[in-house]
Structures are given as structure tokens and as C-alpha cells.
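The values are calculated or read from the model by the stated rules, or taken from the named source; none is laboratory data. Since we're looking at a predicted model, the values are computed, not measured. Neighbour counts run over all protein chains shown; Cβ positions are idealised from the backbone, glycine included.
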Amino acid sequence: MKSQWPHKSEKELVEISKFISSYSKFPHGRMFVIDSKQETPDYFLRDSNTGDIYGVELTSVYKNDRSVPDEHMNPIDGWEEIPDDPILLARHNQRLIETVQIKVQKARRHYDTSYPLILAVYINEYISIYMEESDWGELVSTNKNVFDDMAPFSEIVLWNLGNDSAMSITPKHKQSLEKNK
């Protein structure tokens, strides 16, 4: 029997709550509260200290379009080993890069850009546990052109990685990589 999977609105509420918690741990982090929910971007968050508003677009990246129903929604009977498959991980990372590019293009065409935008990429795939901090840095460095051309997003956050951390990526004229603690 498959697990009860949350509806989109429930899933987004969990994700935005986890994002807010994770983001606050960055050296440049803010204490966000939800200001409003919409579609493009998904949320407007208010910095509880300054009152500044930020738009946040949530997205998730998986190995493939079937990994949620085929792997994640099935009950697990005990401990299962997650194979360290470099080819599968490389494909997953390519999907991550493609997702960032797609979101940037969509945001340029029809997102509300009244406020600074943050793209929150939820890495919710089991194989990501094999990605070390240096691997994430290499992914960003290897795809510098993608991350330097992120406008209208002012920041991309890869978060809830296998080691429960997050990484902030900003364009080349700012800091390039910042990990939360």
C-alpha cells in the first residue's frame, strides 16, 4: 500500500516552513514570516526585523519524473541501502541545472518582480546524501554561466540537502557561495 502523500498546498506549507528555518541559519539570513501566498512566485515573505518583502519560488528536483510515485511513496520495510551511483547522481544534478534554467526563464516572462526574488530549490532525493559540500561547490563552479545569469532571481538557495544544510548562491558580482551552519 502506498503512503498518503500530502496535497500540493500541504507540501508547499511544509516546504516554505523548512525553507524559512533553513534560511535563517545563513550568516546573511533573515527571520522570515509568510506575508502572502500566490503562484508566481509561490510566496511573499516579510523580514520580521526590517519589514522588507522577498518573493520565494519553491521547486523540487528528483532523479526523474517517476521517482516520487515509484520510490518515495512506497512504504519502506526496514532499512534500505541507497546506492552511491555517480551516473545517477550526475543525471540528477543535470536535472537540477535544467530546473534552474527553466525557472529563470519563467520568472523573466511572468513573475511578479516587485520585490527581490529567491529561487528555493528543495533537494529532496535520497541519492543527494552522497553530495559533499565540495561537490555542491563544484556543481556551481562547473555551471557558473547558469548561476551568474539568474536574474530576476537575486539568490538561489539549494536546501535540505542530505546533510540537512543549505547553500546560498548569488551572482558573480556578489559572494558566490555561502553555506548555512
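Details
- Considered as a group, the residues in the range 116-145 that are β-branched (Val, Ile, Thr) and modelled with pLDDT under 95 include one that is nearest to LEU58 (Cα to Cα), and that residue is VAL121.
Yes/no matrix, rows are residues, columns are (1) surrounded by fewer than 20 Cβ atoms within 10 Å (Cβ to Cβ); (2) over 13 Å from ILE156 (Cα atoms); (3) among the acidic types (Asp, Glu); (4) out of contact with any Pro (no Cβ under 7 Å at 6 or more places or on another chain):
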position: ILE97; (1), (2), (3), (4): yes, no, no, yes
position: GLN105; (1), (2), (3), (4): yes, yes, no, yes
position: LEU119; (1), (2), (3), (4): no, no, no, yes
position: TYR122; (1), (2), (3), (4): no, no, no, yes
position: MET131; (1), (2), (3), (4): no, yes, no, yes
position: GLU138; (1), (2), (3), (4): yes, yes, yes, yes
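- Every condition in (1) in a loop (DSSP other than H, G, I, E, B); (2) modelled with pLDDT under 95 is met by LEU13 except one, and the failing one is (1).
- Of the residues examined, ASP112 is one that is modelled with pLDDT of 85 or more, over 21 Å from GLU133 (Cβ atoms), out of contact with any strand residue (DSSP E or B) (no Cβ under 6 Å at 6 or more places or on another chain) and among the acidic types (Asp, Glu).
- Among the residues of this structure, ASN49 counts as one that is at pLDDT 95 or above and out of contact with any helix residue (DSSP H, G or I) (no Cβ under 8 Å at 6 or more places or on another chain).
- Considered as a group, the residues in the range 52-79 that are in a loop (DSSP other than H, G, I, E, B) and surrounded by 15 or more Cβ atoms within 10 Å (Cβ to Cβ) include one that is modelled with the lowest pLDDT, and that residue is LYS63.
- With respect to the conditions (1) under 18 Å from ILE169 (Cβ atoms); (2) assigned to a helix (DSSP H, G or I); (3) touching a residue at least 12 places away in the same chain (Cβ under 8 Å), VAL121 falls short on a single one, namely (2).
- Just one residue in the set ILE34, ILE82 is modelled with pLDDT under 85, aliphatic (A, V, I, L, M), in contact with a Phe, Trp or Tyr (Cβ under 7 Å, 6 or more places away or on another chain) and more than 16 Å from LEU158 (Cβ to Cβ); that residue is ILE82.
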